[in-house]
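The values are calculated or read from the model by the stated rules, or taken from the named source; none is laboratory data. Remember, predicted model here, so these are calculated numbers, not experimental data. Neighbour counts are summed over all protein chains in view; Cβ atoms, including those assigned to glycine, are modelled from backbone coordinates with ideal geometry.
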């Protein structure tokens, strides 16, 4: 049983409307939450043991959670999570109505250190017959089809001008395809603007704000979403630990090495807890030794975060070292796709 304070995550509906739910960040990868109101001494029917997990966020009032022979109290402003393998029941112990957002997850989900992740049986992103043709008639990408599973590390590999960055930009929403469709979790997002997509990008040149310190750079996206400062501080601390920059919060950007600046750029991207992280040749500006070190660090971050990475590189060794799946591109078309072993 876990009871803790929790933050926000942003959901985008089919019409592109942005909604903030105050529930565990784990929720964003699975079914819709339910708003439940229990009157004093009212409770949900006892649930028999089953696979999966249940969790929620108590908006007001109090709750008693009965897990087997154990009893837990949840106060307003706290979130809760428990495996559902024991009989369990939720009850309002009295006083005032209890309002909470509650989710019961199916067994196709499992927990990692950052929250809930779908097993690798579901496509998180699909590109169907994607074509990008410019006004002068030049076709950068032609009839490109790809399925990416939740949690994969996939790499676009090819020479300059092969269409790999253009494809990445269309996934991010920076460019629109001339033809074809992009689906996220089965829903079309082809025309959805970048800020409405649960996708973040790390660029080769970092794109950090030189007038802001490290903390302010990382917190920038959360502040744009009007996330409470208490939640921002917690999230920034967590990602600084992830990228091994604890204690660097007040350092200015120009005092950092290239590798440290790249870590800040990655931290700024993952602090928003995207479903997909896009990386456009992020190690290209680093020297060989630093590049090797960052390859291992990125792979470890991918393992810890459990989210989908889509990576662009022209370096074959880099692709073979880090990827679950490699897409070899040339002249705007997919030439080969497979595991590093298949490609090698």
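Take the stretch 200-229 and flag every residue that is part of a loop (DSSP other than H, G, I, E, B) and on the phi < 0 side of the Ramachandran plot. Give the steps one after another, and end with the answer.
First pass over the stretch 200-229, keeping only residues part of a loop (DSSP other than H, G, I, E, B): 203-212, 225-228.
Passing the criteria: 203, 204, 205, 208, 209, 210, 211, 212, 225, 227, 228.
Quick one: would you say residue 268 is touching a residue at least 24 places away in the same chain (Cβ under 8 Å), farther than 26 Å from residue 237 by Cβ and either surrounded by 17 or more Cβ atoms within 10 Å (Cβ to Cβ) or touching a helix residue (DSSP H, G or I) at 6+ places or on another chain (Cβ under 8 Å) (or both)? Even if it seems obvious, please write down each step before you answer.
On the way: touching a residue at least 24 places away in the same chain (Cβ under 8 Å): yes; farther than 26 Å from residue 237 by Cβ: no; either surrounded by 17 or more Cβ atoms within 10 Å (Cβ to Cβ) or touching a helix residue (DSSP H, G or I) at 6+ places or on another chain (Cβ under 8 Å) (or both): yes.
So residue 268 fails the test.
Check off (1) crowded, with 19+ Cβ neighbours inside 10 Å; (2) under 30 Å from residue 39 (Cβ atoms); (3) modelled with pLDDT under 80 for residue 87 and give me the number that stays unchecked.
(1)
What number of residues within the stretch 169-181 are in contact with a strand residue (DSSP E or B) (Cβ under 6 Å, 6 or more places away or on another chain) and either buried (at least 21 other Cβ atoms within 10 Å of the Cβ) or assigned to a helix (DSSP H, G or I) (or both)?
Filtering the stretch 169-181 down to residues in contact with a strand residue (DSSP E or B) (Cβ under 6 Å, 6 or more places away or on another chain) leaves 172, 177-181.
Subset that is either buried (at least 21 other Cβ atoms within 10 Å of the Cβ) or assigned to a helix (DSSP H, G or I) (or both): 172, 177.
The total comes to 2.
Are any residues in the stretch 277-287 more than 19 Å from residue 160 (Cα to Cα) and part of a loop (DSSP other than H, G, I, E, B), and if so, which ones? Reasoning before the result, please.
Step one: list which residues in the stretch 277-287 are more than 19 Å from residue 160 (Cα to Cα), which gives 277, 287.
Across the stretch 277-287, the qualifying residue is only 287.
Which condition number does residue 149 fail, the rest of (1) surrounded by fewer than 17 Cβ atoms within 10 Å (Cβ to Cβ); (2) within 23 Å of residue 338 (Cβ to Cβ); (3) modelled with pLDDT under 95 being met?
Failed condition: (1).
For residue 52, all conditions in the list (1) at pLDDT 70 or above; (2) at positive phi; (3) out of contact with any strand residue (DSSP E or B) (no Cβ under 6 Å at 6 or more places or on another chain) hold save one; what is the number of the exception?
Here residue 52 clears every test but (1).
Would you check if there is a residue in the stretch 288-297 being within 30 Å of residue 130 (Cβ to Cβ), in a helix (DSSP H, G or I) and in contact with a strand residue (DSSP E or B) (Cβ under 8 Å, 6 or more places away or on another chain)?
Within the stretch 288-297, not a single residue is within 30 Å of residue 130 (Cβ to Cβ), in a helix (DSSP H, G or I) and in contact with a strand residue (DSSP E or B) (Cβ under 8 Å, 6 or more places away or on another chain).
Select, from 194, 106, the only residue that is more than 26 Å from residue 338 (Cα to Cα) and at pLDDT 85 or above. Show your work before the answer.
Numbers: 106 fails: at pLDDT 85 or above.
Answer to the selection: 194.
Here's the yes/no breakdown for (1) touching a strand residue (DSSP E or B) at 6+ places or on another chain (Cβ under 9 Å); (2) in a strand (DSSP E or B); (3) modelled with pLDDT of 90 or more:
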site: 155; (1), (2), (3): yes, yes, yes
site: 167; (1), (2), (3): yes, no, yes
site: 190; (1), (2), (3): yes, no, yes
site: 231; (1), (2), (3): no, no, no
site: 236; (1), (2), (3): no, no, yes
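Going by the structure shown, is residue 297 over 30 Å from residue 161 (Cα atoms) and within 23 Å of the chain's Cα centre (by Cα)?
Criteria not met by residue 297.
How many residues does the stretch 229-241 hold that are more than 20 Å from residue 209 (Cβ to Cβ) and either over 17 Å from the mean Cα position of the chain (by Cα) or touching a residue at least 40 places away in the same chain (Cβ under 8 Å) (or both)? Working first, answer last.
Step one: of the stretch 229-241, the residues more than 20 Å from residue 209 (Cβ to Cβ) are 230-231, 234, 238, 241.
In the following step, the residues that additionally are either over 17 Å from the mean Cα position of the chain (by Cα) or touching a residue at least 40 places away in the same chain (Cβ under 8 Å) (or both) were identified as 230-231, 234, 241.
Residues in the stretch 229-241 being more than 20 Å from residue 209 (Cβ to Cβ) and either over 17 Å from the mean Cα position of the chain (by Cα) or touching a residue at least 40 places away in the same chain (Cβ under 8 Å) (or both): 4 in total.
Out of the residues in the stretch 321-344 that are under 23 Å from the mean Cα position of the chain (by Cα) and part of a helix (DSSP H, G or I), which is farthest from residue 146 (Cα to Cα)?
The first filter runs over the stretch 321-344 and keeps only residues under 23 Å from the mean Cα position of the chain (by Cα), leaving 321-327, 339.
Then drop every residue that is not part of a helix (DSSP H, G or I), which leaves 321-322.
On the way: 321: 21, 322: 19 Å.
Applying the filter and picking the extreme gives 321.
Given the criteria in a loop (DSSP other than H, G, I, E, B) and either under 19 Å from residue 231 (Cβ atoms) or modelled with pLDDT under 75 (or both), does residue 10 qualify?
Taking the combined requirement at face value, the residue does not satisfy it.
Any residue that is modelled with pLDDT of 90 or more and either under 26 Å from residue 198 (Cβ atoms) or surrounded by fewer than 16 Cβ atoms within 10 Å (Cβ to Cβ) (or both) - is there at least one of those in the stretch 111-118?
no
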